[in-house]
Amino acid sequence: MPVEFLDAGDEVVVLGRYRGVAKETGKLLDVPFVHIWALRDGKAWRFRQFLDTAGWVEALSRDS
């Protein structure tokens, strides 16, 4: 879920969180993300994502 949008000139930075329940494990997922969209002529031409991979691993892992 996007929480904040930041104007960075030719880029838009989106701060938010992925939230849900992993279907296979029943564990909760609640991890932050940052999306960076680069724009050219009004269209997105590059997308970068940064997130907490450890949170995803924990939610999807059946070990713990």
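Key figures for this structure:
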{"read-out": "Computed [θ] at 222 nm, helices only, for the chain once each DSSP H run of length n ≥ 4 contributes -39500 (n - 2.57)", "value": "-3500 deg cm²/dmol"}
{"read-out": "FRET efficiency estimate (nearest 0.05) - Cβ-Cβ, residue 1 to residue 62, R0 35 angstrom", "value": "0.85"}
{"read-out": "Correct choice for mean projected area of the Cα convex hull in nm² that was computed from the model, options (i) 6.6; (ii) 6.9; (iii) 4.8", "value": "(iii)"}
{"read-out": "Which of 44, 5, 22, positive extreme of dipole for the chain (C-beta unit charges)", "value": "22"}
{"read-out": "Residue with peak Gaussian network fluctuation, the chain [Cα springs, cutoff 10 Å], from 41, 30, 52", "value": "41"}
{"read-out": "Residue 38-residue 13 pseudo-label distance in nm [points 7 Å out on the Cα-to-Cβ vector]", "value": "1.6 nm"}
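Each reported figure results from applying straightforward, stated rules to the coordinates on display, with no laboratory input. Bear in mind that the values here come from a model prediction, so they are computed numbers and not experimental data. Every residue, glycine as well, gets a Cβ built from its backbone with ideal geometry; the counts of neighbours run over all protein chains shown.
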